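Reviewing the structure listed below.
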């Protein structure tokens with residue numbers, strides 16, 4: 001069925017490019033001054049690992065990218081452009097460069113979106129810089145990618161671990177809970193979250209009253225919980241994920257410790273496995289399927305209607321990555337890598353349905369964005385998807401007196417602390 005002009009303009013406005021349709025379309029009277037048109041075909045590659053421990057994340061990342069590409073095609077079609085999403089599986093880290101090289105040989109490839117772990121994303125980012133291919137990181141959260149191993153051709157849509165830790169930390173201190181005991185997982189990301197959160201806590205006048213190491217595969221957390229109780233901890237901050245997180249939360253509820261559980265980042269896919277169990281805890285996340293303001297409700301409904309399951313953070317990041325690239329191509333009428341890098345670095349106001357203009361930080365190419373604090377419901381959830389509820393946006397929407405970018409920069413590593421040195 002043909003789509004009406006009204007529908008086209010409405011959809012384009014949600015992508016932030018409605019003005020282009022009115023200002024940039026040729027008219028018979030101005031045919032001699034027609035602006036250049038975008039390429040007829042734009043290809044965006046998507047890399048993930050669909051087997052092993054990353055399979056769940058990859059599934060949501062792919063769904064988000066697919067929805068983004070489908071919606072992009074509606075808008076790009078008004079300019080005579082077709083968006084093609086190429087989905088590839090990066091089975092092993094050592095294969096990522098070979099796969100990326102094959103993809104970069106595709107005509108009109110605009111960018112590669114990576115929904116991968118940190119080590120593999122480092123390799124993809126290195127390839128992108130060497131071959132001058134734009135890379136959007138839509139999953140890896142480690143600080144090194146925004147620090148020592150940063151590259152100019154890589155942009156980070158996924159918030160890093162520091163942003164997650166700072167968001168939940170701000171909410172905890174606003175509730176005057178300043179005595180924290182940490183439970184640290186035995187993996188590099190868990191260690192990074194701990195060091196980031198601990199430094200931030202001390203800088204805000206809080207107190208670290210304990211630190212407990214959790215061995216990989218640990219099943220019994222009774223000694224840790226008893227120690228936290230003796231320390232009079234107001235918060236037990238956990239960096240656990242997967243089955244270890246579920247085991248800890250179940251034992252915490254049974255132990256009846258008078259403290260609040262918090263963690264970063266949110267491992268939503270693992271928590272959904274708990275079904276309708278009553279759990280405890282607060283986490284920070286970049287997206288939640290119950291968000292409603294700023295057209296978030298409509299995006300969540302489109303995702304649910306398309307895939308019969310709710311969106312989560314990885315889905316949003318990959319949807320946004322596709323949207324960012326296509327917007328850049330339509331605005332600059334080019335898929336040239338240098339043109340896209342310059343566009344993304346120029347701080348274009350990106351609408352991610354979060355109510356604020358999202359821009360990339362000039363010093364490390366991290367996307368500024370608000371995060372959301374979600375809390376386990378006090379009552380037994382009606383279903384597994386209703387396990388949590390949104391209790392706050394960070395920074396607060398009510399914050400005034402500073403530019404949006406400055407408020408958003410309260411999350412994550414400050415420019416003065418950054419070890420990133422982007423190439424010319």
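Using the structure shown, decide if residue 323 is crowded, with 17+ Cβ neighbours inside 10 Å and closer than 24 Å to residue 150 by Cβ. So residue 323 fits the description; yes.
Counting residues in region 76-92 that are over 29 Å from residue 296 (Cβ atoms), surrounded by fewer than 21 Cβ atoms within 10 Å (Cβ to Cβ) and either free of Cβ contacts under 8 Å to residues at least 40 places away in the same chain or not assigned by TED's automatic domain parsing to the domain that holds residue 311 (or both) gives one or more.
For region 117-133, what are the residues that are within 30 Å of residue 180 (Cβ to Cβ) and either crowded, with 24+ Cβ neighbours inside 10 Å or in the same structural domain as residue 187 (by TED's automatic domain parsing) (or both)? 121 - this is the single residue of region 117-133 that is within 30 Å of residue 180 (Cβ to Cβ) and either crowded, with 24+ Cβ neighbours inside 10 Å or in the same structural domain as residue 187 (by TED's automatic domain parsing) (or both).
For the structure I just gave you, tell me whether residue 237 is touching a helix residue (DSSP H, G or I) at 6+ places or on another chain (Cβ under 9 Å), over 19 Å from residue 163 (Cα atoms) and at pLDDT 95 or above. So residue 237 fails the test. The residues listed here are 173, 161; of these, the one that is surrounded by fewer than 21 Cβ atoms within 10 Å (Cβ to Cβ) and within 30 Å of residue 362 (Cβ to Cβ) is 173. Filtering 145, 136 for residues that are under 18 Å from the mean Cα position of the chain (by Cα), free of Cβ contacts under 8 Å to residues at least 60 places away in the same chain, outside the structural domain of residue 252 (by TED's automatic domain parsing) and within 30 Å of residue 321 (Cβ to Cβ) leaves a single hit, 145. Scanning region 256-278 for residues that are crowded, with 16+ Cβ neighbours inside 10 Å and under 22 Å from residue 178 (Cα atoms) yields a total of 9.
Being within 30 Å of residue 305 (Cβ to Cβ) and free of Cβ contacts under 8 Å to residues at least 60 places away in the same chain: is that true of residue 112 here? When the stated conditions are applied, residue 112 does not pass them. Screening region 150-228 for strands (runs of 3 or more DSSP E) wholly inside it with 1 or more residues that are over 18 Å from the mean Cα position of the chain (by Cα), within 21 Å of residue 258 (Cα to Cα) and touching a residue at least 12 places away in the same chain (Cβ under 8 Å) returns the ranges 179-185, 207-214.
The values are calculated or read from the model by the stated rules, or taken from the named source; none is laboratory data. What you are looking at is a predicted structure, and each value in this text was computed from that prediction instead of being measured. A quick note on method: Cβ atoms are made from the backbone with ideal geometry, for glycine too, and the neighbour counts reach across all protein chains shown.
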